Structures are given as structure tokens and as C-alpha cells.
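As C-alpha cells, the structure follows; a few thoughts come after it.
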Amino acid sequence: MDLEKSHYTIAVIPGDGIGPEIIQVATAILQQVASDGDLTFQLTTVEAGAETYQKYGDALPPESLARCKQADAIFKGPTGLPDVRLPDGTEAGVLGGRFRNGLDLYVNLRPIKLYPNVPTALANRQPGDIDWVMIRENTEGLYASRGNGVVATSGQAATDTLMITRAGSERIIRYAFEEARRRNGQKRVTCVDKSNVLRSFAFFRQIFKEIAQDYPDIETDFLYVDAAAQAIVLEPQRFDVMVTENMFGDILSDLGGATIGGVGVCAGANIGANYAYFEPIHGSAPGLAGKGVANPLSAILAVRLMLEYLNQPTVAARLERAIEQAFINKDIILRPDGSAEEGTEAIAEAISRQLAKTH
Ligand code: IPM
Ligand code: MG
């Protein structure tokens, strides 16, 4: 879908807990970088999440979903509150399944990039050593079983089924190769699976090899998931683009996140053929809400991903440089747990100042 134009509409879901405060400063950054690039963004606030569930009995009322579908993109804060639960005991405010499966957002893209002066859990790693992107299949795999697992009549066993389809694999693998072409990286795609043990993954790997034929300019690489976990820690420079199944991607993206300073610097894009949403990947941290201390970086990084999706690479790159410069200047000091020494406003201001300088 070619989205390049000068006026965009964005559905903004402030979400729960710290959501509204970080989304607020991130949208201000979006407006700043947009106006410098002669773009206009019309933002529509959309109710969704745990508080919305408490109000209407539905975490994503039809009206909210309709607004999301009308917009060019969805910018989503963290949703869900630990005490707001469905009768089956699961959290009522979590929207992943509603959006990912409901809108067929088959790509879950998560950059794993180490910024300057960020404390990494890995010893002796420099920015540049860790710079890769996770392409997680977002609609099938083991999580295709979401809500459909089977408990045996004996009550003594339960199963979930891992589903790998040809169509689902082809499209995510193709996306990964295209991403490797787009990125200014090593032009390598690593296929992560468990094809030594499971037939479904042998099928996935076979499809990967077929698709790879169409991309002779991109190098291929193969790892079993256990070896991939080790490599993320021991040889992160090996990775450029990784493509894998839903649950493996869920787990390995958090492991990757831990190598670059944790969830405080991790943003995710959920992309399909017709819709997409962008989010910080951390939760709503209700204990921190309203104090002005939440780190808004992941939300600001999600803005960068959204600008790329909207086919505004120049504007996206400007924002990326401003974020990078704020780290270089030590305007943003992250603690090893991903929280920040500065408050929400101070971090946003540091990035805003850099943007103003480069205008
Ligand atoms: C993620 C999250 C979600 C997932 C949860 C909250 C349902 O862990 O986005 O990685 O499992 O996909
Ligand atoms: Mg996860």
C-alpha cells in the first residue's frame, strides 16, 4: 500500500496506566517532526483498553474499532490493568488478539538496536554490534491456538496446536526479505525454527528456501531456536533481519530487548495489508502512572516506525537522528532496568531540542 501523501489521520489509543502521559508527549514529537517536514497529522483519540472495558463492558467497542479502521495508522499506548479481568481470569484490556488477528496484522516488527550510552546486559558491546530487526509472524504459529486450546475430558491434559500455513509463511518470509533490502544493513535474513524436531518447522524452512530464490542479493542464514537464543547473547552482530514463528518471536524479541536496555527502548509495529498499529511494547505500569516519571522513549520510537510505514523515510530518519543525538549527549540516561533518570517531559524535551536544532 503506498501511503505517501502530506496529510494523515491517526487513531490514537492513549491506553491505561502510564499510557496517556507517554502517548501525549510522543504525539507532540510527532506533530513537531511532521510540521518540519510539511506534513499534517490529524489525531483522533480512541477509547480502548481496561478502563474502556470497565465503562462499556468491551475493551474495543465497535465505534473505536471503526475509527481505527478509518485512519491511515493506529498509534497505541499500553492497554490492560492487572485487576481488570474477564470472567475466565485473563486480562480484559489486552488488545493484541483483537487487532492482530481481527485486522490480520501478520507482521510484528521489532527493532533491536543498541543506542549510545545505553547500559546493555552484554559485556563489551558497542552500538553497531547490536542492530537487527525481529520479524515475528503475528497471526498463526502456536498462538493460533489463542482461546482454542483443548482440555481433555479427563481434565488431566491440555493441548494447543501450532499451525504453520503456506500462505502465512510465504507472506511473512517475503516481508523479511523485503525488509532486508530496505534496511541499510548486512542484507542477511536468518530463519529461526525447530526444523530438526518438528515437521511444521521443516515446512516453514522449506518455504523460506523457496522464497529466498527470489532474493539472490540477500544472504540466508539458518538457526534452530535454541541456538538462536545463544547467538543473540554471544554473537549479536550476526543478525540483520530475523524471521520466525509467533511464539519463538515473542520470546526472542524480549531476549533481544534485554540486550539493548530492556523494554524501555523497544517499540513494535504490527502491520498487515490494510491496517497497522504502532506501540511501545511494555505494559501500562499502573504503579508509575500520574507521577511524570514514565520513560516515553518506546512510544517515541514507535512514532518513528509509524513514519516509516507511512512512507516518510526522510522524516523518520530525522527523528531517529534526534533520538540518537540525545543519547550521545547524555541528555537521556537509562538505568539498567530500562527506566530513565529523567522524567517523561525531560526526555521528550531532549529529543524535541535536537529536532529543533536540525531543522
Ligand atoms: C507481545 C505480548 C503479547 C503477545 C501479549 C500481551 C498477549 O507479549 O506483544 O509480545 O503475546 O504477543
Ligand atoms: Mg511478548
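Touching a residue at least 60 places away in the same chain (Cβ under 8 Å) and in contact with a Ser or Thr (Cβ under 7 Å, 6 or more places away or on another chain), is that true of VAL12? Taking the combined requirement at face value, the residue satisfies it.
Kindly establish whether ILE112 is crowded, with 18+ Cβ neighbours inside 10 Å, among the β-branched types (Val, Ile, Thr) and part of a helix (DSSP H, G or I).
On the way: crowded, with 18+ Cβ neighbours inside 10 Å: yes; among the β-branched types (Val, Ile, Thr): yes; part of a helix (DSSP H, G or I): no.
When the stated conditions are applied, ILE112 does not pass them.
Out of ARG238, ARG174, ARG183, ARG205, one residue alone is over 22 Å from the mean Cα position of the chain (by Cα), more than 16 Å from ligand 1 (Cβ to nearest atom) and at negative phi. It is ARG205.
Of the residues contained in the stretch 112-130, none is found to be of a type outside the set (A, V, I, L, M, F, W, C) and within 16 Å of ligand 2 (Cβ to nearest atom).
The criterion of at least 2 residues that are without any contact (Cβ under 8 Å) to a residue 12 or more places away in the chain, open to solvent by 40 Å² or more (accessible area, probe 1.4 Å) and hydroxyl-bearing (Ser, Thr, Tyr) is met by none of the strands (runs of 3 or more DSSP E) falling completely within the stretch 167-268.
If I ask for residues that are part of a loop (DSSP other than H, G, I, E, B), open to solvent by 30 Å² or more (accessible area, probe 1.4 Å) and within 16 Å of ligand 2 (Cβ to nearest atom), which ones from the stretch 131-147 would you list? Please lay out each step first, then the result.
Narrowing the stretch 131-147 to residues part of a loop (DSSP other than H, G, I, E, B): 138-140, 146-147.
Now restrict to residues that are open to solvent by 30 Å² or more (accessible area, probe 1.4 Å): 146-147.
Selection gives ARG146 alone.
For the stretch 85-94, does any single residue satisfy the condition of being within 16 Å of ligand 2 (Cβ to nearest atom), at pLDDT below 95 and over 20 Å from SER298 (Cα atoms)? The answer is yes; a qualifying residue exists. Whenever a residue of the stretch 31-48 is in contact (Cβ under 8 Å) with a residue 40 or more places away in the chain, its partners that are open to solvent by 70 Å² or more (accessible area, probe 1.4 Å) and not small (Gly, Ala, Ser), lying with C-beta atoms within less than 6 angstrom and at least six residues away or across chains, give the pairs ASP36/HIS359. All told, GLY261 falls short of being within 16 Å of ligand 1 (Cβ to nearest atom) and not assigned by TED's automatic domain parsing to the domain that holds THR344.
The residues listed here are GLY272, GLY261; of these, the one that is more than 16 Å from ligand 2 (Cβ to nearest atom) and at pLDDT below 95 is GLY261.
When the residues of the stretch 274-293 are filtered to those that are among the small types (Gly, Ala, Ser) and either under 16 Å from GLY338 (Cβ atoms) or not assigned by TED's automatic domain parsing to the domain that holds GLY77 (or both), which remaining residue is nearest to ligand 1 (Cβ to nearest atom)? Spell out how you get there, then give the answer.
Residues of the stretch 274-293 among the small types (Gly, Ala, Ser): 276, 283-285, 287, 289-290, 292.
Going one step further and asking which of them are either under 16 Å from GLY338 (Cβ atoms) or not assigned by TED's automatic domain parsing to the domain that holds GLY77 (or both), we end up with 283-285, 287.
On the way: GLY283: 8, SER284: 11, ALA285: 14, GLY287: 18 Å.
It comes out as GLY283.
Scanning the stretch 66-94 for residues that are assigned to a loop (DSSP other than H, G, I, E, B) and of a type in the set (S, T, N, Q) turns up THR79, THR90.
Conditions (1) touching a residue at least 60 places away in the same chain (Cβ under 8 Å); (2) within 14 Å of ligand 1 (Cβ to nearest atom); (3) crowded, with 16+ Cβ neighbours inside 10 Å, marked per residue:
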| residue | (1), (2), (3) |
| --- | --- |
| PRO61 | no, no, yes |
| SER64 | no, no, yes |
| ILE74 | yes, no, yes |
| GLY77 | yes, yes, yes |
| GLY80 | yes, yes, yes |
| GLY89 | no, no, no |
| ALA92 | no, yes, yes |
| ARG100 | yes, yes, yes |
| LEU103 | yes, no, yes |
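The values are calculated or read from the model by the stated rules, or taken from the named source; none is laboratory data. The shown structure was predicted, so the numbers you read here are calculated from the model rather than taken from an experiment. In this analysis, Cβ positions are derived from the backbone assuming ideal geometry, glycine residues included, and neighbour counts consider all displayed protein chains. With ligands, DNA and RNA removed, areas are computed over all heavy atoms of the protein, side chains included. Shrake-Rupley method; radii C 1.70, N 1.55, O 1.52, S 1.80 Å.
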